[in-house]
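Peer 1: Got a structure for you, questions after.
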Amino acid sequence: MKFSKDTQIRANLSADAETLAEALPWIKEATGKTVVIKYGGSAMEDPALRAQVMSDIVLLKIIGVNPVLVHGGGKAINKAFERYGIPVRFENGLRVTTDEAMAIVNMVLVGEVNQSLVRDINEHGNLAVGVSGSDAGTIKARQLAPEYGRVGEIVDVNAGYLNAVIEDDYIPVVAGVALGEDGGHYNINADIAAGAIAGAIHAHKFIALTDVDGLYLDFGDKSTLISNLTRDEAQRLIDEGSISTGMIPKLDSCVAALDAGVERAHIINGKTPHALLLELLTNTGVGTVIHGTRESYANEMHPLSSVAAKLNV
């Protein structure tokens, strides 16, 4: 029999216990709720980060949250284009997608990335179900504009199918590919797809995992990280062109989700260890929270940033 007198060990255990106790009200608030998570970027490409994100999603499921994972796969698509000799071309931030390119996008997103994520989650138990836009018409789209080829604009989300998967106690893992009105497939920006899905299934929260710590008023000045703002403030930033172009699709998707009734949208850094758990289950959080209503903003337990306060009118 051994007895430890190591005060550091006891201090660490005490800190762990305090963290668990702090999480309790957040767990109670989230249990039984649906959370849509948009997944991509470095958190998907780095094997260690990816394994951590998948285990955190499983933990959320175990404590009673209903996660829905919506993913992209831009880097994997670029590598496939290179293998097949297909040029990569973007217009206004959108990947120009010919019929030939769409076949590759579909193969990579649905056949490779989606199935690998399902496999990673299912290492912890048979919890995940892979979903593409053509499955039960999960995502339906029409052509956004002829110059983009098979880039789609979402016209409908089959919320009934996704909710049925959730009610059967599975985690839907959704690829950003849509079924076209013409019977073909369309490439959908994963941020936009995730926001539309969150709104359609009336998710409790929408979370966008990114490669930065959140939304900055001035990306070159790290002191301007915004912790909290309202939907109207977010829309004003978009309209004024005050944010980086790469953040616009994420902010657009957040606003769309909020307009459809989602209470809060979060933008967090997927490279931060256990970012999902820190944002959902602690008092301080780690990213930017966008509130659908002024009441939600006023009641937020996260500390309000002075930058966000400057946005108020």
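Peer 1: Pairs of Cα atoms under 8 Å, at least six residues apart: use those to get the relative contact order of the chain, whole percent. Please list the in-between numbers first.
Peer 2: Details: 609 pairs, mean separation 60.5, N = 313.
19 percent.
Peer 1: Can you bin region 100-176 into rounded, prolate or oblate? Criterion: square roots of the alpha carbon gyration tensor eigenvalues sorted a ≥ b ≥ c, rounded for a/c under 1.5, prolate for a/b above b/c, oblate for the rest.
Peer 2: On the way: a/c = 3.98, a/b = 1.53, b/c = 2.61.
It comes out oblate by the Cα gyration axes.
Peer 1: Anything over 20 Å Cα to Cα? Flag those among Lys33/Lys140; Lys38/Lys222; Lys250/Lys271; Lys38/Lys271, in the order listed.
Peer 2: Violating the 20 Å Cα-Cα cut-off are Lys33/Lys140; Lys38/Lys222.
Peer 1: Related question: Give me the extension gain from Ala48 to Phe219: residue separation times 0.36 nm, minus the current Cα-Cα distance, reported in nm with one decimal.
Peer 2: Numbers: separation 171, 0.36 × 171 = 61.56 nm, distance 2.71 nm.
Taking 0.36 nm per residue and subtracting the Cα distance, the gain is 58.9 nm.
Peer 1: For helix 47-62, report the angle its Cα long axis makes with the longest principal axis of the Cα atoms of the chain; keep it between 0 and 90° and round to the nearest 10°.
Peer 2: That works out to roughly 70 degrees.
Peer 1: Within the chain, what percent of beta bridges assigned by DSSP are antiparallel, to the nearest 5?
Peer 2: 35 percent
Peer 1: While we're on this one: Put +1 on the Cβ of each Lys and Arg and -1 on the Cβ of each Asp and Glu in region 194-275; which of Gly246, Phe206, Ala275 then has its Cα farthest toward the positive end of the dipole?
Peer 2: Ala275
Peer 1: Taking the Cα centre of region 177-299 as the origin, how large is its charge dipole in debye, to the nearest 20, when only Lys and Arg (+1) and Asp and Glu (-1) carry charge on their Cβ atoms?
Peer 2: Values: 8 positive and 16 negative charges, 78 e Å.
It comes to approximately 380 debye.
Peer 1: Still on this structure, I have one more. Report, in debye and to the nearest 20, how large the dipole of region 69-151 comes out about its Cα centre when Lys and Arg carry +1 and Asp and Glu carry -1 on their Cβ.
Peer 2: On the way: 9 positive and 9 negative charges, 24 e Å.
About 120 debye.
Peer 1: Nearest 10 degrees, 0 to 90: what angle lies between the long axis of helix 190-200 and the longest principal axis of the chain (Cα atoms)?
Peer 2: 70 degrees
Peer 1: Can you compute the FRET efficiency between Gln143 and Lys28 using 1/(1 + (r/R0)^6), with r the Cβ-Cβ distance and R0 = 45 Å? Round to the nearest 0.05. Walk me through the numbers before you get to the answer.
Peer 2: Values: r = 45 Å, r/R0 = 1.01.
Efficiency at R0 = 45 Å is approximately 0.50.
Peer 1: Additional query: Run the dipole for the chain about the Cα centre, Lys and Arg Cβ at +1, Asp and Glu Cβ at -1, nothing else charged, and hand back the magnitude in debye, nearest 20.
Peer 2: I would put it at about 580 debye.
Peer 1: Helix 231-240 against the longest principal axis of the chain: what's the angle in degrees, Cα atoms only, rounded to the nearest 10?
Peer 2: In the chain, helix 231-240 runs at an angle near 50 degrees to the longest axis.
Peer 1: Here's another thing I want to ask about it. Report the per residue volume, in Å³, of the convex hull enclosing the C-alpha atoms of the chain.
Peer 2: Spelled out: Cα convex hull of the chain, divided by residues, is 158 Å³.
Only the coordinates and a few stated rules stand behind these numbers; no lab work does. Source: prediction; values computed, not measured. So basically every Cβ, Gly included, is an ideal-geometry build from the backbone, and we count neighbours across all protein chains shown.
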